[in-house]
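Below are the structure tokens for one structure; questions will follow.
The values are calculated or read from the model by the stated rules, or taken from the named source; none is laboratory data. These numbers come from a predicted model, not from an experiment. FYI the Cβ positions are ideal-geometry reconstructions off the backbone, even for glycines, and counts take in every protein chain you see. SASA here: full protein model, heavy atoms, side chains in, ligands and nucleic acids out. Shrake-Rupley method; radii C 1.70, N 1.55, O 1.52, S 1.80 Å.
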There are 2 protein chains.
Amino acid sequence: MLAKGDGMSHGNGNGNGNGNGNGNGNGKKSLPTVGADPIAGLPAIDGFPASEKAYVEADDLRVPVRRIHLQGDNPPFDVYDTSGPQGIDPHHGLPKLRAPWIAGRLANGDTGNRSQMHYARRGVITPEMRFVAIRESVTPEFVRDELASGRAILPANIHHPESEPMIIGKNFLVKINANIGNSAVTSTIAEEVDKLRWAVKWGADTVMDLSTGKNIHETREWIIRNSPVPIGTVPIYQCLEKVHGDPEKLNIDLFIDTLIEQAEQGVDYFTIHAGVRLAYIPLTASRTTGIVSRGGSIMAKWCLSHHRENFLYTEFERICEVMKKYDVAFSLGDGLRPGSTADANDRAQLAELETLGELTDIAWKHDVQTMIEGPGHVPMHKIKENVEIQMKVCKEAPFYTLGPLVTDIAPGYDHITSAIGAAMIGWFGTAMLCYVTPKEHLGLPNRDDVKDGVIAYKIAAHAADLAKGHPGARLRDDALSKARFEFRWEDQFNLSLDPDTAKDFHDETLPAPAAKGAHFCSMCGPKFCSMKITEEVRAMAEQGMAAKSSEFRDAGSTLYAGSDDHHH
Amino acid sequence: MLAKGDGMSHGNGNGNGNGNGNGNGNGKKSLPTVGADPIAGLPAIDGFPASEKAYVEADDLRVPVRRIHLQGDNPPFDVYDTSGPQGIDPHHGLPKLRAPWIAGRLANGDTGNRSQMHYARRGVITPEMRFVAIRESVTPEFVRDELASGRAILPANIHHPESEPMIIGKNFLVKINANIGNSAVTSTIAEEVDKLRWAVKWGADTVMDLSTGKNIHETREWIIRNSPVPIGTVPIYQCLEKVHGDPEKLNIDLFIDTLIEQAEQGVDYFTIHAGVRLAYIPLTASRTTGIVSRGGSIMAKWCLSHHRENFLYTEFERICEVMKKYDVAFSLGDGLRPGSTADANDRAQLAELETLGELTDIAWKHDVQTMIEGPGHVPMHKIKENVEIQMKVCKEAPFYTLGPLVTDIAPGYDHITSAIGAAMIGWFGTAMLCYVTPKEHLGLPNRDDVKDGVIAYKIAAHAADLAKGHPGARLRDDALSKARFEFRWEDQFNLSLDPDTAKDFHDETLPAPAAKGAHFCSMCGPKFCSMKITEEVRAMAEQGMAAKSSEFRDAGSTLYAGSDDHHH
């Protein structure tokens, strides 16, 4: 990691050769480069129009928001902001916001268990909890209580001081995760760091680095040092690289070493497929699409080859020991999730889910923060049932689902098939939605795909917040609708998830600057709009309806200007 | 219309100058051109790879399907096909499939009421009903019964013999509508005819021509003559053109004349905003977004100016007389639909809905086919309630909704925000989903937007069919998932809604033809795939699990090839 005395290892050697940093994240050196600069040529990430980074200040905390300035007398509108500090040279990494908080805790009363759950259960409200309380407009005590109960997690590795605290739980805003990561076939470190910055610009709340190719360790280092959001990984991928692709050679010692290596770098949560038990594997034999999780198939292979129980399951408490030392959260993987709607909610999936509930109890015994991964591919009528079972079996530990896709027939559009399921499952109580990009099933996402995936999932998460009645969620809808109805075009664009695209679409037909003040658009032209009539309707309602028709007619009543919908 | 003795009128003069065709649709002449060819330069519409137009033949009927040929021993897969006869010069219009059926009915036992509901209620099973029964895999008697009860409509103007019969009702496949149409600001006849052909290629079940600019009549003529699907319009738009944009000058005679003009051309359903009653207009005064329906605002303006009840409401039975003569179906417009999630399910909307229920009874008294339009903008938790009220108030007359959008904050992506709501509302019983394109709220959709809108809505409709447990709906998902799992890449592409896009996405990273046979893709590379392990799992399950591990290991068990999901 950055703070290491001897610089960073490049490559992904066996064992935990990178496992011994100094741990407090206060180092000041730049990220090292050896030979060619691995992130040369990173494009700049531009901001949002009419927006500025602002901070809500409270006590010693400065909590970032994006402040959108509106036209006329309308007050500025603040939105939750994941983009992190701007204008930082990625060679230097982000400022270490949490370093003093972490150092303070390690200096005073360190028990060896550094998890936010551990502090919460001892009644301690950490700065991270206070930060999150401001971000979510709740009390610090509420945050602490949710963490203590296990209903929420605050992923915050003590070696990732750059992260801005965020919380994942059903009683908070629904979050989204974006996956990035290179593979053996394609992409570079610079591309992945760019995708990270791009994903958080558009609103990713966490990012998973799923790299499987060369340079796993180095790619991860660049990502973590530049990430204002928690980073998740699937450590078994790196383990498999270390044994040259032969899953039979995997073992718990190698796995623990790899966890330590990654925890030292600052990974905030680990996907671990400890629920793929030997006995469940035959349950997948009659499936339409068998086992589709990479981690799940690796562990199934190991179990079958050795005809032994999954070592991640049998040695789960050893794993907990690593997790609590660094405050890495579990993301208990659903290795047997359905890969098609045909396989949804089947015996294999639900058997594994039962085991994840059992493992949740063990993790909580160690005060290790834990969330539970979920499907996948689920037709709409089976989504609610899936959430209800998860809530019961895993005692409301946060659910973290991949979509789900509600049909299998649209490769190329699975950000949409899955946004449908994601919105619904979010409404039903899922705490975080793992995005799906248009490239799902077809290839690795590029920059455009990352953006499309993030936007689709911001839509799903926000729709879920609205449906849950989250206090404050509808403010942005109402502000944008008001701007729309008042023909404040620029405000409508700027309040949207993607102002540039909204503006470009408008400008395709009406590019003149004057059209931004026009009380109509190209959909209906000037004769068919509804705003003027509604203004008149309002005036009449105020004055009472009686005998107003002649007065109204005298006032001149040409139908005038614009419309909201291109519909009938 | 095409069959007129004196050619077609160009332009949209006042009154029903085009109202007197010969009515049986047997004319053979080409569509006339005067001066410049209005559809010159139409691009060709290409087909789908590995697909052919085929016909299911039964008695005298030939019902189109698209037959997708698969690799190896896999049988071809037939999908519902809306694309119509291919390779026809649009100057000639499509063949008049239904002309002999219509002529036969007019020659034998014509009562003056030509609606499919009228025949159904008299116990007559028309060829249209038999055609639909084959398309939907149900019995003709079931179709007749659903039409007789009003739970379904079969839009089929006797002057649109080119249409291939289809049915809209909650007990059939969920349908989608695509809106096209030029406005005063932009687009040409050729563009609109191209959008029609493009929309039905991708799967639009009906198309609405919402033109509001010049050449309304001529544009519509070209569209109808080339449409294999029912065409809907909003006649009040043309009426408003006839009175030069002044809604006060609208009246029932002008409206009836316009209905006749359009019915003569062959429009299959009319959106009529007869539920915007005078007393409901003040209910919109306190809304966030007032009245956003164009038709609704026009009628509200008329009501306020005259301080009189909506003439579409008071003269509704006169309108029914026109509808039944041509078999034009009502699409009772929701002029007071919410234009923002803030206004969803409010008093104005529900008051109008009550009136639409009342009008449904009147329409049914005349045996006029009727569906009910619905919103709009509705947060997820209010969708089910909306459908349930509609079902009750309108006695299960088919519901035809615009989305709904489940959040207002994503202009530029409203095909997605609305596909979420559309999938859910379809599941809950909505019979047809009116698409929303990415340009919604911003501009008129171009060709790409039409495709994006149609695909998003095919996803929503199919997801709804799956969730409703429609027999047969899951066959396509299962066939595609099987192809995916067997690494039949070309089959996976060709079974999808948009094969070219799926293939292009795959080929971005692995363009070599050999990759189409590869047991991996660029997501995970060759080391991380799950198929081989599942094959092994299946083999072991067949042989029993006991003592197989050494045998398995001896057989050589390198983890091998490809994966389904780019996830953990």
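Classify the stretch B:79-180 from the C-alpha gyration tensor, please: rounded if a/c falls under 1.5, else prolate or oblate depending on whether a/b exceeds b/c.
oblate
Next question, about the same structure. Compute the semi-axes of the equivalent ellipsoid of the stretch B:380-471, taking the square root of 5 times each eigenvalue of the Cα gyration tensor, and list them largest first in whole Å.
With the √(5λ) rule applied to the stretch B:380-471, the semi-axes are 23, 14, 11 Å.
For the protein assembly as shown, what proportion of DSSP beta bridges, expressed in % and rounded to the nearest 5, is antiparallel?
Details: 28 of 80 bridges.
Here the share of antiparallel DSSP bridges comes out near 35 percent.
Please report, for B:Asp60, the nm distances (one decimal) from its label point, 7 Å out from Cα along the beta-carbon direction, to the equivalent points in the remaining copies, shortest first.
8.9
Keeping all protein chains in place, calculate the accessible area per residue for the protein assembly as shown (probe 1.4 angstrom), answer in Å².
29
Continuing with the same structure: Give me the log10 of I(q) over I(0) for the stretch B:132-223 at q = 0.12, 0.13, 0.19, 0.24 Å⁻¹, as the Debye formula computes it from C-alpha points; what are the numbers?
Treating every Cα as an identical point scatterer, log10 I(q)/I(0) equals -0.46, -0.53, -0.91, -1.18.
Let me ask something additional. Two decimals, Cα atoms only, Kirkwood Rh: what is Rg/Rh over the stretch A:109-151?
Using only Cα positions, Rg/Rh for the stretch A:109-151 is 0.97.
Please report the carbon-and-sulfur percent of the accessible area for the stretch B:147-210; probe 1.4 Å, protein heavy atoms only, DNA, RNA and ligands left out.
Of the solvent-accessible surface of the stretch B:147-210, carbon and sulfur hold 47 percent.
Separate question: So for chain B, averaging the separation of alpha carbon pairs under 8 Å that are six or more residues apart and normalising by length, what relative contact order in percent results?
Result for chain B is 13 percent.
Could you work out the Rg to Rh ratio of the protein assembly as shown, with Rh taken as the Kirkwood radius (inverse of the mean 1/r over all Cα pairs)?
Rg/Rh for the protein assembly as shown comes to 1.00.
Looking at this model, which pairs from A:Lys301/B:Lys516; B:Lys170/B:Lys365; A:Lys242/A:Lys301; B:Lys195/B:Lys482; B:Lys195/B:Lys384 are more than 23 angstrom apart at the alpha-carbon? Kindly include the intermediate steps, with their values, before the conclusion.
Details: A:Lys301/B:Lys516 26 Å; B:Lys170/B:Lys365 21 Å; A:Lys242/A:Lys301 17 Å; B:Lys195/B:Lys482 34 Å; B:Lys195/B:Lys384 33 Å.
Exceeds cut-off: A:Lys301/B:Lys516; B:Lys195/B:Lys482; B:Lys195/B:Lys384.
A further question on this structure: From zero outward in steps of 5 Å, how is the percent of C-alpha pairs of the stretch B:135-185 spread across the bins?
4, 17, 23, 21, 16, 7, 5, 3, 2, 1
Which value, in Å to one decimal place, does the Kirkwood hydrodynamic radius take for the stretch A:78-132 when every pair of different Cα atoms is included? Please list the in-between numbers first.
On the way: mean 1/r = 0.0744 Å⁻¹.
About 13.4 Å for the stretch A:78-132.
A further question follows. Across the stretch B:266-318, what fraction of all alpha-carbon pairs, as a whole percent, falls in each successive 5 Å bin from zero upward?
Bin by bin from 0 Å, the calculated values are 4, 20, 28, 23, 14, 6, 4, 1, 0.
Which value at 222 nm does the protein assembly as shown reach when only helices count, each DSSP H run of 4 or more adding -39,500 (n - 2.57), with the total divided by all residues and rounded to the nearest 500 deg cm²/dmol?
-12000 deg cm²/dmol
Bin width 10 Å, origin at 0, all Cα-Cα pairs of the stretch B:264-361: what percent of pairs per bin?
16, 47, 28, 8, 0
What base-10 log of the normalised intensity I(q)/I(0) is obtained for the stretch B:344-396 from the Debye formula, alpha carbons as equal point scatterers, at q = 0.24 Å⁻¹?
Calculated log10 I(q)/I(0) at the listed q: -0.91.
Quick check: the distance between the Cα centres of the stretch A:214-281 and the stretch B:333-348, to the nearest angstrom?
Each part's Cα centre sits 51 Å from the other's.
A further question on this structure: For the pairing of chain B with chain A, what total accessible surface becomes buried, with a 1.4 angstrom probe, in square angstrom to the nearest 100?
In total, this chain pair buries about 12100 Å².
Right, next: Scale the Cα Rg of the stretch A:203-323 by the rule-of-thumb value 2.2 N^0.38 Å and send over the ratio, two decimals. If you can, show how the numbers build up before the last one.
Details: Rg = 14.9 Å, N = 121, 2.2 N^0.38 = 13.6 Å.
Taking N as the residue count of the stretch A:203-323, the ratio is 1.09.
Which Rg and Dmax, in Å, describe the Cα atoms of chain A?
Calculated on Cα positions, Rg and Dmax stand at 25.3, 90 Å.
Give the distance, in whole Å, between the Cα centre of the stretch B:74-123 and the Cα centre of the stretch B:428-491.
About 25 Å separates the Cα centre of the stretch B:74-123 from the one of the stretch B:428-491.
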